[in-house]
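Have a look at the structure below, then the notes.
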Amino acid sequence: METEKVRLLIIGSGPAGYTAAIYASRANLQPVLYAGLQPGGQLTTTTEVENFPGYPQGVDGNQLMEDLRQQAERFGADLRQGVATQADLSQRPFKITIDGSKIIETEALIIATGAAAKYLGLEDEKKYAGMGVSACATCDGFFYRKKVVAVVGGGDTACEEATYLAGLAAKVYLIVRKPFLRASKIMQERVMNHPKIEVLFEHNAEGLFGDNGVEGVHLVQRLGEPDERHYDLPIDGFFLAIGHKPSSDIFKDYVETDAAGYIVTEGNSPRTNVPGVFAAGDVADPHYRQAITAAGSGCKAAIEAERFLLNG
């Protein structure tokens, strides 16, 4: 198998990966970046991004990622297509297998592989992607001011998203599969007592409908019970809040992760438990998951990698 030696390898091409590449290139670390399964990351699945600083009129998600990519390229980052399929972080140089066919040996590694929102698996979720279906209330809630939305989920994230959306929307339905909420007591109270939030217990979404975007959701109450009831609920937006899956599987034998698979870093730094391995962006962030926080952590990871390589 072909082997190549590099100083710094960055895996992932979202805001964290590209920002790390910009900083590392300017520090003359000659970084090599592999874009991964979804070049540009999750932002390429959204339409308008209005909350990234520097774009007063908003910017298309694909355009924002293309701008970051070009900026990294301008400073000399070696940007490549390819997916990391295996990792050996037991000793330096670290060995990362790309597409099962090439090994990159690197003195330092930045993991910026991101996280993917979990979906229900409905065909309509793909059909209406960017047209009423979202997995990020903070990103897209603004577009639903004074409108009616539904949030799917029963945990803390779902309750937080519903509460956030209730500050913007006219009405929020919380669709909960079980007859209870899994969220913490304080979040449950906040949702149950909010005048704009209506909780629909023992409900499942079966599909969505609408001509030019989401206009409603097909619901079934008490699925599988003799008294199950099917009905349509008019809504303008459908928000998924059933969790995220961080793309950390190939690193789990070496770096510490939490129960959900997010890479654990030291304090407010991108350092992992393996010296020379840094994690940036959503793969290490169960809390914020925003483009701007990912970019900031990519900056920190590159600065830490530079210090590590200087002292190594």
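Report those strands (runs of 3 or more DSSP E) wholly inside the stretch 60-104 carrying at least 2 residues which are in contact with a Phe, Trp or Tyr (Cβ under 7 Å, 6 or more places away or on another chain), under 19 Å from residue 247 (Cα atoms) and not hydroxyl-bearing (Ser, Thr, Tyr). Walk me through how you get there before you give the answer.
On the way: elements: 78-80, 84-88, 94-98.
Correct list: 84-88.
What's the total number of residues in the stretch 26-42 that are surrounded by 23 or more Cβ atoms within 10 Å (Cβ to Cβ) and in contact with a Gly (Cβ under 9 Å, 6 or more places away or on another chain)?
Residues meeting the conditions: 5.
Being at pLDDT 95 or above and small (Gly, Ala, Ser) is the filter here, so list the residues in the stretch 4-46 that pass it.
Within the stretch 4-46, 12, 16, 17, 20, 21, 24, 25, 27 qualify.
Suppose the filter is over 29 Å from residue 288 (Cα atoms), crowded, with 18+ Cβ neighbours inside 10 Å and of a type in the set (S, T, N, Q); does residue 19 pass it?
When the stated conditions are applied, residue 19 does not pass them.
Could you count how many residues in the stretch 283-302 are surrounded by 24 or more Cβ atoms within 10 Å (Cβ to Cβ) and in contact with a helix residue (DSSP H, G or I) (Cβ under 6 Å, 6 or more places away or on another chain)?
6
Kindly provide the set of residues from the stretch 221-263 that are over 16 Å from the mean Cα position of the chain (by Cα) and of a type in the set (A, V, I, L, M), ordered by number.
Across the stretch 221-263, the qualifying residues are 223, 233, 235, 250, 255, 259.
Count, please, the residues in the stretch 49-61 that happen to be within 16 Å of the chain's Cα centre (by Cα) and modelled with pLDDT under 90.
Result for the stretch 49-61: 3.
How many residues does the stretch 193-235 contain that are assigned to a loop (DSSP other than H, G, I, E, B), more than 20 Å from residue 171 (Cβ to Cβ) and of a type in the set (A, V, I, L, M)?
1
Go through the stretch 287-308 and report how many residues are assigned to a helix (DSSP H, G or I), within 12 Å of the chain's Cα centre (by Cα) and either without any contact (Cβ under 8 Å) to a residue 60 or more places away in the chain or under 27 Å from residue 107 (Cβ atoms) (or both).
The number of residues fulfilling the criteria is 2.
The values are calculated or read from the model by the stated rules, or taken from the named source; none is laboratory data. Predicted model only: the values in this text are computed from it and were never measured. Neighbour counts are summed over all protein chains in view; Cβ atoms, including those assigned to glycine, are modelled from backbone coordinates with ideal geometry.
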